[in-house]
Amino acid sequence: MTISVFITGASSGIGQALARAYVSQFPGIRLGLLGRNTTALQNLANELKPDADCVFYCVDVRDANALQLAAQDFIHRFGIPDIVIANAGVSRGTLTEYQEDIAAFQAVMDTNLMGMVHTFQPFISGMKQRGRGQLVGVASVAGIRGLPGSGAYSASKSAAITYLESLRSEMQHFGIAVTTVAPGYIRTPMTDINQYPMPFLMDAETFANQFIKAVQAKRRFVIIPWQMSIVARLMRLIPSWLWDKLTKNAPHKTRKLS
């Protein structure tokens, strides 16, 4: 059976690895690739086309209208997708005391949270009518507790986790599965700039294969790699006073000053 999958953030990193993994596991797949880098999307589509029916869209997920148009085009070509993966995300080091960081806070929240809403919204009506489908949101272990220097990123991913939980409750009446995937440290251009230790760092290709298994199993919430799920459980249990003490001198993600 041919499946159809729509992936945002497909220009690089996790999104690109997911596209390759889906094609390798499901030859003949109908694939929608959305991202902000036209050249990267074109190259990826050309690479995958012998084994997949690919279409790509150069769209910023913050632009709800542009995403609507991309979704409508995909539906016109292939019908309602079986799986929609809201993977697009950005990470910035931010500090509240700097006025110039306000724009960074806004961009991170608009991309990581509202971009997810913009991604799912155009497909839900069709999935409801069909009585099946799956919405997959990429959150992060960074959304479990607030990390110093990552206020915008941690807040956006925490909001994404809660949003997806609400969405899962809403969609269960219509046969639509909602899966939250919270990665730990995955080797991508986003993590390459980190100047601090990243425990259990995983290659994007390995992550993508485990991601697909979790989606196929219709997991509600999964942390990858499994070692980070243990860390996440411990993070939840640590009392606030101890968390403050542990993170007081923790390394911060570097602020982008330009």
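Looking at the stretch 114-135, which of its residues are buried (at least 22 other Cβ atoms within 10 Å of the Cβ), in a helix (DSSP H, G or I) and either aliphatic (A, V, I, L, M) or free of Cβ contacts under 8 Å to residues at least 40 places away in the same chain (or both)?
Met116, Met127
Would the stretch 187-198 turn up any residue that is buried (at least 19 other Cβ atoms within 10 Å of the Cβ), in contact with a His (Cβ under 9 Å, 6 or more places away or on another chain) and touching a residue at least 24 places away in the same chain (Cβ under 8 Å)?
Checked the stretch 187-198: no residue is buried (at least 19 other Cβ atoms within 10 Å of the Cβ), in contact with a His (Cβ under 9 Å, 6 or more places away or on another chain) and touching a residue at least 24 places away in the same chain (Cβ under 8 Å).
For the stretch 78-102, name all the residues that are over 20 Å from Gly143 (Cα atoms), out of contact with any Asp or Glu (no Cβ under 8 Å at 6 or more places or on another chain), assigned to a helix (DSSP H, G or I) and not charged (D, E, K, R). Walk me through how you get there before you give the answer.
Keep residues of the stretch 78-102 that are over 20 Å from Gly143 (Cα atoms), which gives 78-84, 97-100.
Subsequent filtering for residues that are out of contact with any Asp or Glu (no Cβ under 8 Å at 6 or more places or on another chain) retains 79-84, 97-100.
Add one more test, that the residue is assigned to a helix (DSSP H, G or I), and what stays is 99-100.
Gln99, the sole residue that qualifies.
Out of the residues in the stretch 136-159 that are assigned to a loop (DSSP other than H, G, I, E, B) and not charged (D, E, K, R), which is farthest from His252 (Cα to Cα)?
So in the stretch 136-159, the residues assigned to a loop (DSSP other than H, G, I, E, B) come out as 139-140, 144-149.
From what is left, the residues that are not charged (D, E, K, R) are 139-140, 144, 146-149.
Values: Ala139: 20, Ser140: 17, Ile144: 17, Gly146: 12, Leu147: 8, Pro148: 6, Gly149: 5 Å.
Result: Ala139.
Residues in the stretch 222-241: is at least one in a strand (DSSP E or B) and over 14 Å from Pro199 (Cβ atoms)? Steps first, answer last, please.
Of the stretch 222-241, the ones in a strand (DSSP E or B) are 222-224.
This time we only want the ones that are over 14 Å from Pro199 (Cβ atoms), so: 222.
Scanning the stretch 222-241 turns up at least one residue that is in a strand (DSSP E or B) and over 14 Å from Pro199 (Cβ atoms).
Looking only at the stretch 31-60, which residues are of a type in the set (A, V, I, L, M), touching a helix residue (DSSP H, G or I) at 6+ places or on another chain (Cβ under 7 Å) and within 18 Å of Ala17 (Cβ to Cβ)?
We begin by selecting, within the stretch 31-60, every residue of a type in the set (A, V, I, L, M); these are 31, 33-34, 40-41, 44-45, 48, 52, 55, 59.
Narrowing the set further to residues that are touching a helix residue (DSSP H, G or I) at 6+ places or on another chain (Cβ under 7 Å) leaves 31, 33-34, 44, 48, 52, 55, 59.
Answer for the stretch 31-60, where residues must be of a type in the set (A, V, I, L, M), touching a helix residue (DSSP H, G or I) at 6+ places or on another chain (Cβ under 7 Å) and within 18 Å of Ala17 (Cβ to Cβ): Leu31, Leu33, Leu34, Leu44, Leu48, Ala52.
List every residue pair whose Cβ atoms sit under 8 Å apart, with the two residues 6 or more apart in sequence or on different chains, where the first one lies in the stretch 216-237 and is more than 19 Å from Val84 (Cβ to Cβ) and the second, anywhere, is of a type in the set (Ser, Thr, Tyr).
Close Cβ pairs satisfying both conditions: Ile223/Ser229; Met228/Tyr185.
Given the criteria β-branched (Val, Ile, Thr), closer than 23 Å to Leu234 by Cβ and modelled with pLDDT of 95 or more, does Thr111 qualify?
Details: β-branched (Val, Ile, Thr): yes; closer than 23 Å to Leu234 by Cβ: no; modelled with pLDDT of 95 or more: yes.
Judged against the criteria, Thr111 is not a match.
Output yes when any residue across the stretch 203-216 is modelled with pLDDT under 95, surrounded by fewer than 16 Cβ atoms within 10 Å (Cβ to Cβ) and touching a Lys or Arg at 6+ places or on another chain (Cβ under 6 Å), and no when none is.
Yes.
Quickly run through the stretch 158-169 and pick out the residues that are crowded, with 20+ Cβ neighbours inside 10 Å and farther than 13 Å from Met114 by Cβ.
Leu164, the sole residue that qualifies.
The values are calculated or read from the model by the stated rules, or taken from the named source; none is laboratory data. On a predicted model such as this, the values are computed, not experimentally measured, just so you know. Every residue, glycine among them, receives a Cβ derived from its backbone with ideal geometry; neighbour counts consider all protein chains shown.
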